[in-house]
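Read the structure below first, then the notes.
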């Protein structure tokens, strides 16, 4: 629904960037409140990931709103614009890294939780192969006798 | 502050290719779960801000050109036939979209996504046919997880679908047959979109009704019958209608 609403705002209100950025910030605020009040996700790590992502997007929206307000008021603010631009680029990189980090953390947790069981299974399999092998050896010896 | 931002940006930009690969990887893995999918949709904001009519600093302007809205095709771009692009009249496309080579034709804009989506739907139909013929439980499980994956992928398409449909309606020229076909396909897909919204809301409403009636048998049956759409209501707390709507709201 958010993607749907954002697309409508971007494609219909393109003549009013300042209003667009305000609406985008409102959407983001609603989503953040929803996450903080209702806490809909069961898994803690997922909740934390989603919340951090929303805060990053919130920062991005504030940055874009500042740029739009500079344009609206006809202010040059070259240095500030450059800094906001750098912030947005870093936010994008951090956002992408974060996804990868969460995925690796989940993988680590999975291995930590199930490692013993997986290891035990492998060990059991190895033992069973040895037992089978010894049976074969024993049978051969027995047959030879 | 400025030098800190620049140093951080330069340090991180060094691994830009690695990040791109990482992003695609995360998208592939996360699209199978509704939670990961929601974060991918949150990240779409980075691609959408380029369509805001704002004077961006030069560095950001360059970066924005590489941030795409599309994560269904995993970064691979399948171009629409060149002859189509040449015939389409892009005069009425607003400059802010034209700058990023957005066409007035819905089919040309969404070509990559449509090809991938159609292949996925085709794969689903084949699976469904096999399941119907063999009636095996294992095939049902496989088809159910594939269908959940398909739901997530379709939801990722909806934003672009609405965006490109509106641009087409704003700048359409009915002087060529493809424009008409494109218009009809756009309308059909929009109807499918609203149909899926209706299905989603109805499913959650029925789930909540069953939960409120405190009848575990009815709830169990509902969950079992909709195992192939569990991505729409599973994974989240079901104590209220709103918290159960997470996937609907965040997609």
inquiry  = Between residue A:8 and residue B:140, how high is the FRET efficiency from 1/(1 + (r/R0)^6) when r is the Cβ-Cβ distance and R₀ = 56 Å? Nearest 0.05.
reply    = 0.90
remark   = Expected sort for B:206, B:143 with the fewest Cβ neighbours (10 Å cutoff) up front is B:206, B:143
note = Simple SL model, points at 7 angstrom along Cα→Cβ for residue B:170 and residue B:197; separation in nm is 1.9
query = Under a plain spin-label model, where a point goes 7 Å from the Cα along Cα-to-Cβ, how far apart in nm are residue B:213 and residue A:33?
reply = 3.4
task = Find how many whole Å separate the alpha carbon centroid of the range B:99-122 from the alpha carbon centroid of the range B:133-193.
result = 10
ask   = Over the range B:120-251, what lengths in whole Å, largest first, do the semi-axes of the equivalent ellipsoid take, defined as the square roots of 5 times the eigenvalues of the alpha-carbon gyration tensor?
value = 33, 21, 11
note = Cα-based Debye curve of the range A:1-117 sampled at q = 0.23 Å⁻¹ gives log₁₀ I(q)/I(0) of -1.32
Within 10 Å of each Cβ in B:154-164, the average number of Cβ atoms from other chains = 4
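Computed from the coordinates by the stated procedures, all read-outs in this text should not be read as laboratory data. This is a predicted model, so every value here is computed, not measured. Backbone-built Cβ (ideal geometry, glycine too); neighbour counts: all protein chains shown.
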